[in-house]
Every structure is written in structure tokens, then in C-alpha cells.
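Okay, structure first, notes after.
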2 protein chains.
Amino acid sequence: MNTNTLCSAQPRDIAVYTPAFLRPIDYTCRSLTHSTSTFLDPTNARELRNAFGRFLTGVTIITCKEADGTPRGFTANSFTSVSLDPPLLLVCIGKTAESRPVFETSTHFAVNILCETQKDLSGLFASKDTDKFDRTSWRDGPQNSPLINDVVAWFECSRHQVVDAGDHIILIGRVCGFEHQELHPLGYGHGGYFSPCIEQAVVNASDTHSNLVVGAIVERNGEVLLVPDDSGDGLRLPHSGEGGHSGSLRNLRQQLSDLGLRVALGFLFTVEEDSDTGAQAIYYRGEANEASPSRGEFYALAALPWDKITDANEKRMLERYFAELARQRFNVYFSDGRQGHMDPVDH
Amino acid sequence: MNTNTLCSAQPRDIAVYTPAFLRPIDYTCRSLTHSTSTFLDPTNARELRNAFGRFLTGVTIITCKEADGTPRGFTANSFTSVSLDPPLLLVCIGKTAESRPVFETSTHFAVNILCETQKDLSGLFASKDTDKFDRTSWRDGPQNSPLINDVVAWFECSRHQVVDAGDHIILIGRVCGFEHQELHPLGYGHGGYFSPCIEQAVVNASDTHSNLVVGAIVERNGEVLLVPDDSGDGLRLPHSGEGGHSGSLRNLRQQLSDLGLRVALGFLFTVEEDSDTGAQAIYYRGEANEASPSRGEFYALAALPWDKITDANEKRMLERYFAELARQRFNVYFSDGRQGHMDPVDH
């Protein structure tokens, strides 16, 4: 039965998605295939986590009230809908998360699906901060669970069943009320957030601006590429566009290729105004293959020469990047944060 | 405790994401908020399904072998990773799916996470086709489960536990082998597929082309908007760019606004070459509010005046759109297909 006939779906799909102008870009998107393919033992927890992280998800905040009325909440992407009749959903909670006993015993809880402008809320509820709810706009649901305002959807549930599953519990809830609205959801995958709608809008808008920097945070095994700046004394992220010349994705790609690297550019990391130059800046996240760059070097956080990084905007981006790497790159193990699995992956 | 203080995360996030050129676009992304907000009873299955569908997911194909060696598989997005130690994952299967008994009793099964060029495979394994595996490139895994080639990741599992959950079973597997590679995953959410990497590449490339059509399939309650074509006798999808004039997203938005509609443009629906004109075409999916358009009309599939649709490319797109609406807009209830929940949502 294992015929291995040519996959008929693939060619059909390619016919739809590759007009002439897309081909070189498509190549870049699909690079690196050979170099990082792995066939691994499931006890390799780090590789397993990376592999689990290939599954795209939305981002939720799970909330409930303690017996004394204190609101509790944590960020999770291990959510799935289960059944329509009766209406059931589930979420996984780490057994070592401090809030686990509260959620395991609470009669009700709520699932809040975040929209693409709520990335910071995701970080807040994945953190150890103790004033999460003070810093968040929320209200009580019909069954008294905390509902985050302006989310894509919320579901308030009664506890239906708790299933023991390895180092997690599976909390199954029966939906007793819900609401949804036409907002675009925040996405998470492959170690980073993405915002389908914002990303489309940004890149569409980018052709109308003449003072644009297009750069990339290029990572490899937790290390980030820095290249010499124009003076040769400092370091910068690889980028295109400066001094009145507008950058472009094409130029950025050329530059990375000139360094002898193959880089898969993924989601946008940031879109902002450079407070020093007034230029507008779009930075992508990228992953490099194992080749040695002809200029520049990859640096781990501990070895990062902060004083040599000449662009203040890039410095802030790197701070945020490594903070997210330490705090938020958890596809599976987002948790309460107070005592959850917040241990850094890569350093 | 319900302080409802201003959400601190929101302003911080906006500071990052809204340089001057983004503001009008951001507005469009977040429109329709007020008009479709609903507060609903969980026994309203259709609304609940729509709300569940707000959660972004990847797309998987779940596979196993029957006792006689026949490969079985179905498309699912109700997957989540569960535990690292021991390594566990889960997937939900509808009780009425024909393949449920096979998966419920099989000693092993595999989860294949699709990449963004495998949209057609997703459709194939959500269909009733009986030759799915003949039309797919696959191989046997270490434990004999069918592994789809060129996926982002696969996990082969032994059956760990089966949990009864409403109209579904939760199949928990213990990972016994896996592999992943640097491909971009296919996404699914809000009733449609999306491809974060391809979409970024497309819109970046769009500024280098002078003969570009930018259009939209604008839906409302299962009906699609058509407007009079230039001759006034035929109908077309709203679009910008034609006859040597290049379209743009901005012009498309202006046109929709001129019709008196507020439209939230979401994921790309298609990127292709118009076989008649040679123009390159990018069409978005959009959702309209309840206002009456000043020109044109919304049509359900059954009422669609196919003979009046003058653009062959748009006709094909509409055929595909309604086919996907009927067959694939299932956020929760993708299933085996042979006897699964393939009943259309909207007509």
C-alpha cells in the first residue's frame, strides 16, 4: 500500500501559489530543509518541545477565582475545542504550576482567546508579576470567572472532568456561556508570536515609504547574528536601508546571501519607528543554517557585546528578543508564572 | 478586585505596532467589533463552532493502519501537545467518524503537521475520497504508522489513553518517535487557511509589479458580494487594478468604503496569475458588516448568477470558495470524511 506515488496535492497547490514573482521568495521560505531534519528519541525533551512548537496555535489566558475571590490567570496555548453536544473544551496545565490546585478544584474557569494587539497581555500572564489583574482591563463573567476585555472570544466553563496526563493535567470544561467578535487573533508558533492581519497590512504599507529599514534578527541555536556597522567599530543587526536610502526585503535577502548564509525569514518581530532617526523599521525573525558568515558573528546572550551595538533601536529589540526567548518561547509550558516552568530554553 | 483599571498592556503594545503609516490600516483590521458581538447560549451549536474557530491552529493529518495493513487518515486541527515527561499529545475524534473505531483500538498512530504548501493534502484527507493514500507521498514509520512526506513534523505514538468527551473521544498518545524540519506550517483559523510566510512574501513582492489585481471575496453569513462590472451587464468581485492600471490594497479599501460597507479584510484567499489577462492577482477574504451596499448584492451559492460572472479567474475562485465553505470550513469537526461531519455549514 505504501505506493509513494507522486503527491498529487503538492503540484496542484504550487500551481496556485507560485506566479513568477513568487518563485525566488518561495525558495527562501523553504530553505534549510536538509540541515535541521532530525529523527529523535522522545526523551529528548528540548527537541520534543521544539517539534511540538511547529504546530501553530492561538494564545489564550485561562482564568478563575480563588475561594476568597482573588482572580488567577495564566497564558496557555494548549487549548482545544472538543465537543459541541455537550459543549466541551480542554486546556492542559502543568502539574508544578502554582495555580494548578486552584484550577483543578475551581467550579468554574474561563478561556480568553487573545487578539493580535494583546501580545503584551500574553507576556504579562506568562510572567511572575503579582499584579496581573490590576494591570488588565477585565470584568466578572456570568459565573464569576474573570473575563479579559477586548478578546477575540471568551468561554466560561464549569469543571467537567480532570484527566491525569504525565506532567500535566487535562482540564475539560463544559461551556456555560461565551461571546466572540470580529477581531483578528494573535498567533503563536515556532517560538514566536505572529499577527496575520497586522503583518499583511504592514508589508502592504511598506511600499509607500521612502525611509524604511528592513532588518532581521537571525538566530541559530539561541545565538543571534551581528555584523560590523558602517564605521567598522560597532555591531548591528543585518539590515537594509539607511541614510535616506530605503531598505527592502529583497536587499536584505541579498545581503544575507552575500554573507554566505541561508536564512529562512519567518514572522515579523517588530514594526516601529526608530526614535533616533525617525525611520520606520520592520524587522523579521530568521533562522540561519550552519554555515560560517563571511562577516560578523553569532552571539549568545551571555556573550553579547552590548556596548558595541550602535543602534539604540536594535539594542532595545535585542533586549526584548532575549527576554522573550527566556520568558515566552514556550509552546507547551506556558503556565501560571508564579512558580511555573519559566526556566529559559536557550541560555 | 475587579478594578477595571486601564489595561497597561494594550498601550504598550500599540506603541510598538503603530508607526504613522499603520494607523488607518489598523483601524480596518479591527472594524466590525460592535456589530457581531454576541453573548450566546452554548447550545447554539453553529455560533459555538464559529467561536471555537476563532482560535488559530495548525493543520494535522492523523494516520494509522487497520489490522489488515490498510492506511487510514483524516484531517484534524484539534491537536495539542500535553506532556514532555512522559511525552504525550492528544487529538479529538468525532464519535460518528467512520474511522473512529480503527483509531480507538489501533496500538499506534501518527500525527503529521502540514506545511504551508500542503493545503490540498488537508482538503484531500478531509474529503470522502477513497484513494487518499494513493494520491499522497508517504512512507511507513518505525512502528508502521503511515508518515506523510515533507511535513513540518511528525509524531508516532502508542495509544496511551482514550477519554470519552461528549460527541468526541480524546485520543492520548505517547510519542515513541518524531522528526521535524525547518518548514513553515500551514495555519487555519476563522474558517480559512493561512500561510504566514507565503503571505508576507507575496505582499512584499507586490510592489514590484505594475499589472496587479487586488481583490476580495467579501462574505456575510455565507453570502458573497458581487458588484457590476465595467460594462454594467456582468458581475465581478470587488477589485482594484485593471487594463494596465495596477491595483493596490489601498484602492480596494477605498472602493469597499465607497460602497458603504465596512469590511474586515483577513487572510489571503489566493495568489495567482489570471490566465486570461496575464495579470497577477491577489485576493483577500473579507467579512462585511450588515449595511446595504450602494452597488452590487450579496449572493448565496444557490442564488449565484454564474453566467453573469465575467472574469474566468474570479469564477474559479468562487467555485473553490464555496467548495471550501462546504467541505473545509470545519474548525472542530474535520474528520475521517468517509462518514464524518462533512455537512455544509452555510447552505
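Numbers at a glance
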read-out: Peptide A:91-103 - average C-beta neighbours from other chains (10 Å radius); value: 1
read-out: Model label zone, residue A:294; criterion: amide N under 11 Å from point 7 Å along Cα-to-beta-carbon; scope the range A:220-264; value: A:255-261
read-out: Average beta-carbon neighbours from other chains, 10 Å sphere, peptide A:290-299; value: 0
read-out: Label 7 Å beyond Cα on the Cβ vector: residue A:139 copy-to-copy distances, nm; value: 5.6
read-out: Other copies of residue A:231: label-to-label distances in nm, shortest first, labels 7 Å along the beta-carbon direction; value: 6.7
read-out: Burial ranking of peptide ranges B:76-87, A:126-137 (average Cβ count within 10 Å, highest at the top); value: B:76-87, A:126-137
read-out: Accessible area per residue, Å², the range A:64-184 with all protein chains present, probe 1.4 Å; value: 27 Å²
read-out: Cβ-derived FRET efficiency at R0 60 Å, residue B:319 paired with residue A:149, nearest 0.05; value: 0.90
read-out: Label geometry 7 Å along the beta-carbon vector: residue A:45 inter-copy distances in nm; value: 4.2
read-out: Prolate/oblate/rounded call for the range A:57-189, Cα gyration tensor, a/c under 1.5 rounded; value: rounded
read-out: Carbon and sulfur %, accessible surface of the range A:57-189 computed with the full protein complex present, 1.4 Å; value: 42 percent
read-out: Shielding by partners, peptide A:41-53 (average Cβ within 10 angstrom, other chains); value: 6
read-out: Reachable lysines from residue B:315, criterion Cα separation under 22 angstrom, eight or more residues apart if same chain; value: B:119
read-out: For the range B:50-133, the spread of Cα positions along each principal axis, largest first, Å; value: 37, 34, 26
read-out: Accessible area buried, both sides summed, chains B and A with 1.4 Å probe, Å²; value: 12300 Å²
read-out: J(HN,Hα) series, the range B:281-289, from Karplus relation 6.51 cos²θ - 1.76 cosθ + 1.60, nearest Hz, glycine and proline x; value: 10, 10, 10, 9, 8, x, 10, 9, 7
read-out: Global form of the range A:218-265, assessed from the alpha-carbon gyration tensor, a/c cut-off 1.5; value: oblate
read-out: Distant-in-sequence amide H partners of residue B:177 (H built 1.01 Å from N, under 5 Å); value: B:156
read-out: Rough spin-label spacing in nm, given labels placed 7 Å along Cα→Cβ, for residue B:41 and residue A:129; value: 3.9 nm
read-out: Rounded FRET efficiency, nearest 0.05, which uses the C-beta distance separating residue B:251 from residue B:221 and R0 of 22 Å; value: 0.25
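The values are calculated or read from the model by the stated rules, or taken from the named source; none is laboratory data. From a predicted model like this one, the values you see are computed outputs, not experimental measurements. Ideal geometry is used to build each Cβ from the backbone, glycine not excepted, and the neighbour counts take in all protein chains shown. These accessible areas exclude ligands, DNA and RNA; they are computed on the full protein's heavy atoms, side chains included. Shrake-Rupley method; radii C 1.70, N 1.55, O 1.52, S 1.80 Å.
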